């Protein structure tokens, strides 16, 4: 996806050069000057400022997310801000899931009362309660919406696959059957994309384990294992361990 306008300002070019060198604070400072002194609604300055803040640590996630939201209001048809906002919520949603899923009910509790993307778009709707996920900028629904929106707006195949694969991960956190549909969407675009085959196998295994009506998914999980064994053998043992957790043993 194009991440600069056709004729970027001197400050914006300096910001991107600083960012590429890992000087995120300096990059953010250049963007801040651009926004404060020259172009307060410059889409790319807002995005690069948000991107710089995100790289500076989780303590900046709320501000970075608000900048991406502002950029989306300026230009909703460009993928850069949608992707950035989706990635913030995706990374925090994954972290929350990993930290709390080991406790009975903990994962569900942390994501309870997530606001819907529609509520986030209507600033006049004020919720009395803020969910843990929203407080941590890890709303799964927003992550999925923004990542899929960005994928739909980009013409770059690799970028589209990368974004949809992240969205599929979040779908799987919420529901394995939704994860199956999401990973199939990735494979419709890139049939040989190994990460999607790997995680699709896990989704098939989980659904066959927890729902007797989906016992046929066990064979589909084994088909995906065969694909990994043939095309990415280094990951076969890891996938075998995943399948074993759901009662699927690999006969070598």
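Quick notes on this one:
- From the list 170, 186, the one residue that fits, being assigned to a helix (DSSP H, G or I) and not assigned by TED's automatic domain parsing to the domain that holds residue 247, is 170.
- Some residue of segment 53-63 being surrounded by 22 or more Cβ atoms within 10 Å (Cβ to Cβ), out of contact with any strand residue (DSSP E or B) (no Cβ under 7 Å at 6 or more places or on another chain) and over 22 Å from residue 136 (Cα atoms): no
- Complete set of residues in segment 190-213 that are part of a helix (DSSP H, G or I) and surrounded by fewer than 17 Cβ atoms within 10 Å (Cβ to Cβ): 194, 210, 212, 213
- Qualifying residue in segment 154-168 (condition: touching a residue at least 40 places away in the same chain (Cβ under 8 Å), under 23 Å from residue 107 (Cα atoms) and under 18 Å from the mean Cα position of the chain (by Cα)): yes
- Some residue of segment 132-151 being assigned to a loop (DSSP other than H, G, I, E, B), surrounded by fewer than 15 Cβ atoms within 10 Å (Cβ to Cβ) and on the phi < 0 side of the Ramachandran plot: no
The values are calculated or read from the model by the stated rules, or taken from the named source; none is laboratory data. This is a predicted model, so every value here is computed, not measured. Here Cβ is always computed from backbone atoms with ideal geometry, including for glycine, and neighbour counts include all displayed protein chains.
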